[in-house]
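What follows is one structure encoded as structure tokens, with my remarks underneath.
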């Protein structure tokens, strides 16, 4: 897993057992593991452990899990570091470099991220329609057909 994934899982572990090992220690231990398998080990420990697990107990659970079929996992992408998004640097007129827009990477990770965002947007629309069923019934200007020119005056 990459450092971000390790940090996220380490945070979840330390929040589940706040009196246990700190998130920074967990992050260093998790970074070399397979993300799906480590997440599964965490869920299984959370459901069975009566107290905060040691790192050895976590690795015991991790090792007991069968390795997943990696054929469905996309190849690593050096451009986006498997995050699915990329940001570009833009040079301003004054010569300063600033971060430009963030967009989906062209790799499989980017396609998955774009699909997830599209699903989230569709869910948001469904929820708005559920909460405000009459929101489309408000008076507005009649729709303009594509053939009609739009006049500002």
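The values are calculated or read from the model by the stated rules, or taken from the named source; none is laboratory data. Note that the structure is a prediction, hence the values are computed from the model and not measured. FYI the Cβ positions are ideal-geometry reconstructions off the backbone, even for glycines, and counts take in every protein chain you see.
Could you check, for the range 120-129, whether at least one of its residues is under 21 Å from residue 5 (Cβ atoms), modelled with pLDDT of 85 or more and not in a loop (DSSP other than H, G, I, E, B)?
Yes - at least one qualifying residue is present in the range 120-129.
If you go through the range 82-90 one residue at a time, do you hit one that is exposed (fewer than 15 other Cβ atoms within 10 Å of the Cβ) and either in a helix (DSSP H, G or I) or out of contact with any strand residue (DSSP E or B) (no Cβ under 7 Å at 6 or more places or on another chain) (or both)?
Kept after step one, since they are exposed (fewer than 15 other Cβ atoms within 10 Å of the Cβ), are these residues of the range 82-90: 87-90.
Add one more test, that the residue is either in a helix (DSSP H, G or I) or out of contact with any strand residue (DSSP E or B) (no Cβ under 7 Å at 6 or more places or on another chain) (or both), and what stays is none.
Scanning the range 82-90 turns up no residue that is exposed (fewer than 15 other Cβ atoms within 10 Å of the Cβ) and either in a helix (DSSP H, G or I) or out of contact with any strand residue (DSSP E or B) (no Cβ under 7 Å at 6 or more places or on another chain) (or both).
Quick check on this structure: which one of 56, 96 is loosely packed, with under 11 Cβ neighbours inside 10 Å, in the same structural domain as residue 115 (by TED's automatic domain parsing) and more than 17 Å from residue 112 (Cβ to Cβ)?
On the way: 56 fails: in the same structural domain as residue 115 (by TED's automatic domain parsing).
Only one candidate passes the filter, namely 96.
Inspect all residues belonging to the range 3-24 and state whether any of them is within 20 Å of residue 112 (Cα to Cα) and modelled with pLDDT under 90.
Within the range 3-24 (the criterion being within 20 Å of residue 112 (Cα to Cα) and modelled with pLDDT under 90), the answer is yes, since at least one residue qualifies.
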